[in-house]
Amino acid sequence: MTPREFLEELTYPVSSRSTLIALITFVLLISLAAAAGMLGIWLGVITIPAFLRYLTMITEARAQGRDASPPGIEYFSFVGNLWTLFPVIPVFLVANLVSATGNAAGAVAATLLAAGFAMVFPALVAVLVITHSPLQSIDPRALYRFIRRCGKSYWYAPATAMLIVLLPTMLSFLPDMVLKLIEVYFVVVLFAVTGAVTRGSTLFTEVELPEAAEVDEEKLRRGLARKRAQVADHAYGFVSRGNLDGGLEHIYRWLARDPEPDAAWPWYFEQMLRWEDPYPGLRLAQQYLGRLLEAGDQVGAVKLMLRCRLIDATFRPLSADRPQAIAAAEACSNPELAAALSRKR
């Protein structure tokens, strides 16, 4: 990570329109919760976890070099992607420990403890984003290896975290509302910078992490099915808000990680055909078709095209896959399909 990239992340919350709107919305909701009495407790219970979940997703998005998708209604649900809320636990525990240390040993000791946690917290979030495993994210070996792989660029993230620790003291003269807004801004910056230091395929996919403990195959299958369902539900949330590309991107990202992609592609295709609008499933089918053609599975490709054309007679492969699709139809003795694919629109 270069100094220029660090400066870009410092301005990320205002340079990204969707993030800026989300930030303002969350600040208003949290302020309303603080001022709404008993109703505010309920509002805070659903708003604060959604904001914390959004912060984790910002880290993942910046690690992949893209803007975070706007938060949707699924962010306010406690079902699915619970790993995104895990950073709350160490922050809560350390905050209480810092408070107790301050009462017992003074402000200096409490500040040193907070600063020490600020040094490792970005690594905790980064490992969590890479592995989606809370246990991995608090493993000292994983944290050390991640920091070592990042090198000097890692320290941009703790430097940002230190700002959050020191800001209340440095800017105590400001009105409370202004100070809170600045603190929230730099919290968003911290998660963006944390994502930036993990950016790039080398760090995001090859960082050396301890292997997870072995589990039996039945548990693995159940866990995989549950994860696929969560991904499909999350993607549906994007699509239902009109963000089709975001929903598909979410699924493609997980397909790249799925340990059984040959089974995962048809699974997602079948699930998406059950949605109210089959169009997203047909869009995914175009990519799935390209995968089958690249693998030389002409029979599977033809079956997929026939299935899609039963749903929508105008279904066609992507332009780059069209010659191979026509050849597959001809090889499978389906001249009608070959002729339909050969016709210009």
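Each reported figure results from applying straightforward, stated rules to the coordinates on display, with no laboratory input. These figures come from a predicted structure and were not determined experimentally. Using ideal geometry, Cβ is built from the backbone for each residue, glycine included, and neighbour counts are taken over all protein chains shown.
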Alpha carbon centre of the stretch 238-256 versus the stretch 109-124: separation in Å? 36
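If packing is taken as the average count of other Cβ atoms within 10 Å, what order do 93-99, 156-162 fall into, highest mean first? Provide the component values of the computation, followed by the final result.
Details: 93-99: 13.7, 156-162: 22.0.
Result, highest mean Cβ count within 10 Å first: 156-162, 93-99.
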Residue-averaged [θ]222 nm for the chain, counting only DSSP H segments that reach four residues, each worth -39500 (n - 2.57): -24000 deg cm²/dmol
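Viscosity 0.890 mPa s, temperature 25 °C: Stokes-Einstein D of the stretch 284-345 from its Kirkwood Cα radius, in µm² per second? Working shown, then result.
Details: Rh = 11.1 Å.
Value of D from the Cα-based Kirkwood radius: 221 µm²/s.
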Taking the alpha-carbon centre of each part, the distance from the stretch 130-164 to the stretch 19-96 in Å is 21
For the chain, what does the convex hull of the Cα positions come to per residue, in cubic angstrom? 177
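Could the peptides 328-334, 233-239 be put in order, highest first, of the mean number of other beta-carbon atoms found within 10 Å of their residues?
Details: 328-334: 17.4, 233-239: 21.1.
Ranking the peptides 328-334, 233-239 by packing returns 233-239, 328-334.
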Principal axis lengths of the stretch 3-206 from Cα atoms, whole Å, largest first? 48, 44, 34
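Packing-wise, with mean Cβ within 10 Å as the measure, how do 314-321, 280-287 rank, highest first? List each step's numbers first, then the result.
Numbers: 314-321: 14.8, 280-287: 19.6.
Ranking the peptides 314-321, 280-287 by packing returns 280-287, 314-321.
Using alpha-carbon pairs under 8 Å, 6+ residues apart, how would you state the relative contact order of the chain in percent?
Working: 357 pairs, mean separation 51.7, N = 345.
Relative contact order for the chain comes out at 15 percent.
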Binned Cα-Cα distances of the stretch 1-95, short to long, each 10 Å bin given as a whole percent: 15, 41, 35, 9, 1
